[in-house]
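The values are calculated or read from the model by the stated rules, or taken from the named source; none is laboratory data. Bear in mind that the values here come from a model prediction, so they are computed numbers and not experimental data. Cβ sites come from the backbone with ideal geometry, for glycine too, and all protein chains shown count toward neighbours.
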Amino acid sequence: MPNKKVLALVSDLMFTVKINEVAKRSGLQVEYAKSDDEFLAKARSLPALAIMDLNISSASPVELITKLKADADLQGISVMCYVSHVQVDLKQQAQDAGADIVLARSAFSTNLPQILKRHSGVPM
């Protein structure tokens, strides 16, 4: 049975509310982290999905992706990131670090229900 938890590194209130609402409908529990150390510690619970805002100022998302994907225990966690559509370099850095999906903020917001349903283990 898949883990019903999502780990989020998000500071934007609008996205926090949206993630909470959609996760609840998908039967997922969301846990938030505000720093690199807190994120890595909470990742040890092996969430079904990690969501990262690449523009968060309180952490280093690209470095975190690298650390997750380099850790044998954590590398299986799906990592989804979102970023402004104009930040092509940052998107590429996240992909190079091992992010599974990097979306523009608008695409993330639009596709969040399908993404969380896919990670919830509930048939679509």
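If you go through segment 112-124 and pick out every residue that is surrounded by fewer than 17 Cβ atoms within 10 Å (Cβ to Cβ) and either modelled with pLDDT of 95 or more or of a type outside the set (S, T, N, Q) (or both), you end up with 6.
One residue stands out among those in segment 22-74 that are in a helix (DSSP H, G or I) and among the hydroxyl-bearing types (S, T, Y): the one that is farthest from Q87 (Cα to Cα), which is S26.
Of all residues in segment 65-100, those that are under 16 Å from F39 (Cα atoms), of a type in the set (G, A, S) and either at pLDDT below 95 or surrounded by fewer than 20 Cβ atoms within 10 Å (Cβ to Cβ) (or both) total 3. Scanning segment 71-112 for residues being out of contact with any Phe, Trp or Tyr (no Cβ under 6 Å at 6 or more places or on another chain) and within 23 Å of L46 (Cβ to Cβ) gives a total of 20.
Name every residue in segment 66-86 that is β-branched (V, I, T) and under 12 Å from the mean Cα position of the chain (by Cα), in order of residue number.
Our first condition is that a residue be β-branched (V, I, T); within segment 66-86, this holds for 66, 77, 79, 83, 86.
Listed by number, the residues that qualify are I77, V79, V83.
Taken over segment 1-21, the criterion of being surrounded by 15 or more Cβ atoms within 10 Å (Cβ to Cβ) and not in a helix (DSSP H, G or I) is satisfied by N3, K4, K5, V6, L7, A8, L9, V10, S11. Of Q75, Q29, all but one fail to be out of contact with any Cys (no Cβ under 7 Å at 6 or more places or on another chain) and within 18 Å of S120 (Cβ to Cβ); the exception is Q29. Taken over segment 83-100, the residue count meeting the criterion of being out of contact with any Ser or Thr (no Cβ under 8 Å at 6 or more places or on another chain) and not in a helix (DSSP H, G or I) is 5.
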